[in-house]
Amino acid sequence: MISLEIRCPPEQKDMLLAELWAAGTAGIVEMESGLRAFFEDSADRTTLTARFHPISWRREEQRDWVALSRAGWEPLAVGDRFFLVPQWRNDPTPAGRFRIVVNSGMAFGTGRHETTQLCLEALERHVQPGKALLDVGTGSGILAHAAALLGAQPVWACDVDSEAARIARAESVPHVFLGSLEAVRPESASIIAANISRQTVVRLMPDLLRCLVPGGTAVLSGFERHEVPEVQAAVELHSGTVRDVSSKGDWAALIVARGRP
């Protein structure tokens with residue numbers, strides 16, 4: 001058994017986790033500076049090095065690294081309504097909470113990152129049963145799934161990554177299309193969720209506001225607190241209004257309305 005250590009910023013861990021599982025890792029351990037992934041001796045080191053650019057390799061003793069990596073994944077209560085449970089756990093769902101099954105191999109969204117938790121908590125406050133929701137950059141589909149559990153209808157999701165779209169469809173999000181927000185007609189959603197990067201949120205701001213119905217709400221995250229002024233400036237530039245700002249650790253989420261106050 002061999003392992004490689006990969007450094008990555010926190011906002012890239014979900015994506016890196018998904019890529020490592022797709023590459024055939026036998027298990028993954030999270031570290032403060034990144035991830036350590038374990039592979040069988042027969043793994044192609046040249047291919048893995050070219051793909052992941054590890055800072056080091058080392059030989060490991062034979063252990064059940066899948067079981068070891070899973071041991072660190074505990075169920076997680078988020079907000080007042082959600083209970084996120086690893087696929088291999090059978091913990092009972094607390095009364096009054098919706099159960100969402102997650103897998104560490106999912107693309108871009110296991111619910112453990114602060115931005116995902118901020119979005120889930122915001123959806124609890126703003127989803128209205130029977131109102132349309134669009135999840136932009138859906139990743140694993142966790143936000144779209146959560147919105148459907150809260151009663152949003154219909155729920156649509158999109159992603160420019162074909163693998164993410166495939167995984168979202170498999171995770172109880174049937175209305176997923178491969179593509180960007182630019183393909184969505186105006187005033188098509190009462191609420192939009194976008195847990196993506198600061199650069200992408202700023203670039204898509206005109207379309208985010210265009211696709212909201214009058215009086216609609218956008219839940220925006222995927223950026224750090226020090227980036228909030230740039231996102232807020234983009235909102236105001238395109239005639240939107242920031243209604244609320246929340247944060248967890250270094251990360252932030254904005255609640256945005258279409259139109260001026």
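The values are calculated or read from the model by the stated rules, or taken from the named source; none is laboratory data. Since the structure is predicted, the reported quantities are computational estimates derived from the model, not experimental observations. Glycine also receives a Cβ, built like all others from the backbone with ideal geometry; neighbour counts cover every protein chain displayed.
Quick notes on this structure:
- Filter pass, S162 being among the polar types (S, T, N, Q), closer than 20 Å to R258 by Cα and surrounded by fewer than 23 Cβ atoms within 10 Å (Cβ to Cβ): no
- Considering only residues in region 197-222 that are in contact with a helix residue (DSSP H, G or I) (Cβ under 8 Å, 6 or more places away or on another chain) and of a type in the set (V, I, T), the one that is nearest to T116 (Cα to Cα) turns out to be V219.
- Residue among V245, V184, V202 that alone is surrounded by fewer than 22 Cβ atoms within 10 Å (Cβ to Cβ) and either outside the structural domain of T116 (by TED's automatic domain parsing) or touching a residue at least 40 places away in the same chain (Cβ under 8 Å) (or both): V184
- Only one entry of V176, V155, V160 meets the criterion of being in contact with a strand residue (DSSP E or B) (Cβ under 8 Å, 6 or more places away or on another chain), closer than 23 Å to R125 by Cα and not polar (S, T, N, Q), and that entry is V155.
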